[in-house]
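The values are calculated or read from the model by the stated rules, or taken from the named source; none is laboratory data. Worth saying up front: this structure is predicted, and the values here are computed from it rather than measured. Every residue, glycine among them, receives a Cβ derived from its backbone with ideal geometry; neighbour counts consider all protein chains shown.
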Amino acid sequence: MDQAEVQDLFPRFAAPLAGYAATSPARKELAEMLARNLWMAMIAGSEVEEETWKVFKSRANVSEDSLQPIKQLYFEKMKPVVSEEQLAALWKRYRVRRKDEGPS
């Protein structure tokens, strides 16, 4: 996957956060940060996804009640934008080693 493809795919992945981001510049910045973190967690795999949720709760002080809609948005609207083939290409691009991979 080349840079142009990533630059096309990432905004589509982040698009579900646009409604939240539209209300103020501070929310736009937060939505962009959230999208970048979720993007990298998705690429890194389920263990990093789980760690991301924990960090949102412990370091960002996001309550479980506030985190649930973000998780739902991520799993139902954001993550499905990226196909398995695209995700594999992103793993390769970022040289992500998955637990289920053998040595290369």
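So the values come out like this:
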{"item": "Residues located in the range 57-74, provided they are under 17 Å from Y20 (Cα atoms), in a helix (DSSP H, G or I) and not hydroxyl-bearing (S, T, Y)", "result": "D65, L67, Q68, P69, I70, K71, Q72, L73"}
{"item": "Flag for K79 being among the basic types (K, R), at pLDDT 95 or above, surrounded by 15 or more Cβ atoms within 10 Å (Cβ to Cβ) and assigned to a helix (DSSP H, G or I)", "result": "yes"}
{"item": "Complete set of residues in the range 16-56 that are among the hydrophobic types (A, V, I, L, M, F, W, C), in contact (Cβ under 8 Å) with a residue 12 or more places away in the chain and more than 19 Å from R93 (Cβ to Cβ)", "result": "L17, A18, A31, L34, W53, F56"}
{"item": "Given (1) modelled with pLDDT under 95; (2) over 21 Å from Q3 (Cβ atoms); (3) loosely packed, with under 11 Cβ neighbours inside 10 Å, index of the condition R27 fails", "result": "(3)"}
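Matching residues to (1) among the aliphatic types (A, V, I, L, M); (2) touching an Asp or Glu at 6+ places or on another chain (Cβ under 9 Å); (3) modelled with pLDDT of 90 or more:
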| position | (1), (2), (3) |
| --- | --- |
| E5 | no, no, yes |
| D8 | no, no, yes |
| M40 | yes, no, yes |
| I43 | yes, no, yes |
| E50 | no, no, yes |
| V62 | yes, no, no |
| Q72 | no, no, yes |
| L90 | yes, no, yes |
| R93 | no, yes, no |
